[in-house]
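The values are calculated or read from the model by the stated rules, or taken from the named source; none is laboratory data. Keep in mind that what you see is a predicted model, and the values were worked out from it rather than measured. All Cβ positions, glycine included, derive from the backbone under ideal geometry; neighbour counts span all protein chains shown.
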Ligand SMILES: Cc1cc2nc3c(=O)[nH]c(=O)nc-3n(C[C@H](O)[C@H](O)[C@H](O)COP(=O)(O)OP(=O)(O)OC[C@H]3O[C@@H](n4cnc5c(N)ncnc54)[C@H](O)[C@@H]3O)c2cc1C
């Protein structure tokens with residue numbers, strides 16, 4: 001192409017040429033839109049039934065063109081990761097880059113091929129719209145830019161976790177999960193869109209987006225700081241948490257949710273224990289308050305309360321009946337899921353705040369609740385559910401019928417438990433899986449073979465144990481029978497245990513969905529075994545309260561009644577954890593915080609009142 | 001269940017000797033009143049945390065007692081009874097596998113429910129047998145009705161027993 005010189009002024013006749021245009025007929029472009037390309041980035045549409053209100057579109061928008069608007073009539077369910085908010089677009093700001101579409105975790109938002117919107121002066125605000133599935137202002141639009149494989153910004157696949165294979169793990173109690181490599185953790189953290197749904201779903205509202213971000217930046221110490229803002233059972237929850245956060249994770253809508261629990265574990269394992277202690281203790285500066293608090297039970301609820309109260313400057317003593325602190329994470333959860341030294345590390349941080357733990361000191365008979373009441377300004381009861389329920393079917397009183405929690409405790413205490421060659425377990429929950437898999441390891445060690453049968457009332461469609469537990473138990477050689485109800489324990493003529501008789505279960509729930517198994521009485525089976533283990537549930541041993549205190553307290557269908565802060569009807573007594581709420585570590589932690597805050601407030605009020 | 005207080009003992013004989021609908025209903029009401037009395041007497045013997053359970057059982061027996069009493073006094077009773085037995089209740093027989101506990105001092109929730117189940121089971125079986133042995137007609141229908149009522153009551157208690165005793169295993173999810 002010929003170059004035009006910058007100082008070229010054109011022909012002298014140019015003005016005359018221009019005049020010639022006046023004689024031509026005008027050309028008029030109609031306003032009717034031309035069809036846009038199939039990938040055109042026009043106005044937004046949003047499928048409200050798919051949208052979860054996570055606000056990721058808002059966060060990615062560089063022009064701040066998106067505002068999340070609360071719609072009260074929509075469902076709001078933090079546990080399932082659903083917010084009643086929907087994005088509204090300010091078309092005065094939108095540049096139609098389409099990033100909101102590319103990042104949308106639920107895939108609800110898309111662009112259309114419509115790009116014309118006309119309004120009068122008075123309707124200028126019609127450029128701020130809340131798109132729904134139809135388009136804007138109720139006008140249906142043809143589909144344009146949408147999610148595609150090439151534009152997708154969400155990585156749906158989790159980083160795989162290294163685990164011991166079944167033949168290795170059945171040889172002992174070594175931890176199964178091996179943890180992430182540093183690069184894997186960064187890659188996994190990079191999948192996070194920082195929507196914060198996990199924070200809302202977590203019972204103790206952990207700052208997961210913040211610690212995931214820190215991991216992504218490679219700053220494990222910052223991650224530890226963020227974890228400790230709400231959870232002193234950091235190693236424990238990094239391993240055995242029920243990870244409700246992952247159920248709410250927005251990435252889970254179309255892919256695998258982030259492995260938030262494993263990321264927490266990675267952060268905790270990346271920082272040496274002494275350094276974690278330092279980091280956590282650094283900002284604990286409260287002066288001694290002169291107030292004393294007793295806590296009964298050193299499980300997650302009791303120790304979380306102790307942690308908070310000690311950091312507020314109160315002198316805290318924890319009374320624990322057993323030889324070591326930690327509660328069910330120490331004496332219930334098997335070591336292959338939670339090694340002792342990780343629990344020890346968490347407890348060492350708690351003790352470093354000045355908490356005194358007195359083990360082998362059961363409250364009840366010698367040292368009574370009344371004594372604690374007299375000696376302390378406040379008392380927390382956090383004794384969990386230590387007693388296993390029995391089916392009480394005929395024969396269940398036999399010496400070789402055990403409860404799961406009793407056996408798990410004995411294993412964790414290091415007793416050389418010698419299970420027989422054949423064991424039957426009653427129950428289909430996670431505790432049943434824990435005892436089945438623990439006894440399988442002991443059988444392997446002792447007999448070189450595994451013969452464990454789990455009999456559950458439920459069918460596999462309603463199985464109470466987690467699918468992973470079920471899968472791993474089977475991989476380890478545990479036989480799991482669904483729809484079998486216990487009928488009686490068979491006792492031999494010589495008084496030995498012969499096995500368990502069960503009946504087939506024909507249905508588990510009644511018409512109203514209540515748990516009401518029905519049997520086929522013709523379908524009877526005998527499962528031969530020398531031990532039967534009952535794993536059907538646990539209860540609290542409240543006999544430690546004594547008659548007088550039990551009478552003074554209020555009860556709610558068998559459970560101790562507490563207010564929303566965990567305070568009982570006795571002003572000096574609070575209660576937390578499994579015995580009042582449950583059902584897992586993270587709820588116990590949340591509960592521990594709640595009662596600590598309430599006690600701290602009450603003690604401050606006392607101090608201000610001059611008592 | 002043979003050691004049960006309402007087994008095939010005097011109560012059974014007593015009922016068998018009744019000849020009119022009103023008489024039978026009066027006797028049945030009387031048994032329910034005794035059961036109500038029994039649970040009321042048990043209330044102070046259990047720990048405060050379990051009193052709700054015994055109180056509920058007492059209240060249920062009272063409702064039953066009042067129902068039978070009302071029917072005994074109501075000339076329209078036959079019609080009502082016929083309507084209620086038109087839908088026979090199926091017995092799940094779960095209670096056969098529950099032992100009757102000794103309700104010593106301070107029984108726990110499970111023992112209380114086991115005991116209650118035992119009572120309902122015995123009553124149900126007793127009415128069923130009386131119905132089978134009675135000649136066809138209004139008396140048989142009445143016994144069928146009573147057996148039906150006791151079965152319904154027992155089924156409800158079985159559900160509560162399951163929720164209480166086995167419910168725990170369903171409570172420790174790991175997601
Ligand atoms: C086998 C098993 C496996 C589990 N697995 C998981 C899991 O994978 N993930 C999860 O999140 N949750 C799990 N749970 C549940 C979890 O362990 C509990 O929800 C949690 O430990 C409750 O904490 P807590 O502090 O209320 O009670 P606990 O942990 O039970 O602690 C109570 C403490 O009080 C002590 N105590 C009792 N009576 C007295 C007394 N009279 N005097 C002094 N001390 C006393 C006990 O010895 C115990 O140490 C599991 C539970 C069991 C039984």
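Using the structure shown, decide if residue A:586 is within 12 Å of another protein chain (Cβ to nearest Cβ), more than 17 Å from residue B:47 (Cβ to Cβ) and in a helix (DSSP H, G or I). Write out each step before concluding.
Numbers: within 12 Å of another protein chain (Cβ to nearest Cβ): yes; more than 17 Å from residue B:47 (Cβ to Cβ): yes; in a helix (DSSP H, G or I): yes.
Judged against the criteria, residue A:586 is a match.
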* **Residue identified as more than 16 Å from the ligand (Cβ to nearest atom), in contact with a helix residue (DSSP H, G or I) (Cβ under 7 Å, 6 or more places away or on another chain) and within 11 Å of chain B (Cβ to nearest Cβ) among A:509, A:463** => A:463
* Looking only at strands (runs of 3 or more DSSP E) that fall completely inside segment A:275-386, which ones have 3 or more residues that are on the phi < 0 side of the Ramachandran plot and buried (at least 17 other Cβ atoms within 10 Å of the Cβ)? -> A:292-296, A:315-319, A:378-381
* Under 9 Å by Cβ, and 6 or more places apart or on different chains, what pairs join a residue from segment A:313-324 that is within 12 Å of residue A:379 (Cα to Cα) with one that is assigned to a strand (DSSP E or B) and near the ligand (Cβ under 6 Å from one of its atoms)? -> A:318/A:296; A:319/A:296; A:319/A:363
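Could you pull out every one of the strands (runs of 3 or more DSSP E) wholly within segment A:59-176 that has 3 or more residues that are in contact (Cβ under 8 Å) with a residue 60 or more places away in the chain?
Working: elements: A:66-70, A:85-90, A:109-111.
Because the criterion is at least 3 residues that are in contact (Cβ under 8 Å) with a residue 60 or more places away in the chain, the strands (runs of 3 or more DSSP E) in segment A:59-176 that meet it are A:109-111.
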* **Verdict on residue A:564 being within 30 Å of residue A:294 (Cα to Cα) and more than 16 Å from the ligand (Cβ to nearest atom)** => yes
* To do: Collect the residues in segment A:548-567 that are in contact with a strand residue (DSSP E or B) (Cβ under 6 Å, 6 or more places away or on another chain), in contact (Cβ under 8 Å) with a residue 24 or more places away in the chain and more than 9 Å from chain B (Cβ to nearest Cβ), keeping them in residue-number order.
  => A:566, A:567
* Would segment B:135-156 turn up any residue that is crowded, with 17+ Cβ neighbours inside 10 Å, within 11 Å of another protein chain (Cβ to nearest Cβ) and modelled with pLDDT of 85 or more? -> yes
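Could you check segment A:569-578 and list, in sequence order, the residues that are surrounded by 22 or more Cβ atoms within 10 Å (Cβ to Cβ) and more than 6 Å from the ligand (Cβ to nearest atom)? Don't jump to the end; show me each part of the working.
Keep residues of segment A:569-578 that are surrounded by 22 or more Cβ atoms within 10 Å (Cβ to Cβ), which gives A:573-578.
Answer for segment A:569-578, where residues must be surrounded by 22 or more Cβ atoms within 10 Å (Cβ to Cβ) and more than 6 Å from the ligand (Cβ to nearest atom): A:573, A:574, A:575, A:576.
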* Among the residues of segment A:449-463, is there at least one that is at pLDDT below 95 and closer than 22 Å to residue A:169 by Cβ? -> yes
* Asked: Can you tell me how many residues in segment A:292-321 are away from the ligand (no atom under 16 Å from the Cβ) and either closer than 25 Å to residue A:226 by Cα or not assigned by TED's automatic domain parsing to the domain that holds residue A:352 (or both)?
  -> 5
* Asked: So which helices (runs of 4 or more DSSP H) are wholly in segment B:1-86 and hold at least 3 residues that are under 15 Å from residue B:145 (Cα atoms) and either at pLDDT below 85 or out of contact with any strand residue (DSSP E or B) (no Cβ under 8 Å at 6 or more places or on another chain) (or both)?
  -> B:21-42, B:51-73, B:77-85
* Looking at segment A:571-580, is at least one residue out of contact with any helix residue (DSSP H, G or I) (no Cβ under 9 Å at 6 or more places or on another chain) and away from chain B (no Cβ under 11 Å)? -> no
* Asked: Looking at segment A:322-333, which of its residues are within 6 Å of the ligand (Cβ to nearest atom) and more than 14 Å from chain B (Cβ to nearest Cβ)?
  -> A:322
* touching a strand residue (DSSP E or B) at 6+ places or on another chain (Cβ under 7 Å) and either modelled with pLDDT of 95 or more or more than 9 Å from chain B (Cβ to nearest Cβ) (or both) - does that describe any residue in segment A:539-547? -> yes
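Could you check segment A:206-238 and list, in sequence order, the residues that are in a loop (DSSP other than H, G, I, E, B) and more than 16 Å from the ligand (Cβ to nearest atom)?
Answer for segment A:206-238, where residues must be in a loop (DSSP other than H, G, I, E, B) and more than 16 Å from the ligand (Cβ to nearest atom): A:207, A:217, A:218, A:219, A:229.
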* **Every residue from segment A:387-419 that is out of contact with any helix residue (DSSP H, G or I) (no Cβ under 8 Å at 6 or more places or on another chain) and either more than 14 Å from chain B (Cβ to nearest Cβ) or not in a loop (DSSP other than H, G, I, E, B) (or both)** => A:399, A:400, A:401, A:402, A:403, A:406, A:410, A:414, A:415, A:416
* **The one condition in (1) more than 12 Å from the ligand (Cβ to nearest atom); (2) within 24 Å of residue A:565 (Cα to Cα); (3) modelled with pLDDT under 95 that residue A:378 fails to fulfil** => (3)
* Only one of (1) more than 10 Å from chain B (Cβ to nearest Cβ); (2) without any contact (Cβ under 8 Å) to a residue 12 or more places away in the chain; (3) in contact with a strand residue (DSSP E or B) (Cβ under 7 Å, 6 or more places away or on another chain) fails for residue A:498. Which number is that? -> (2)
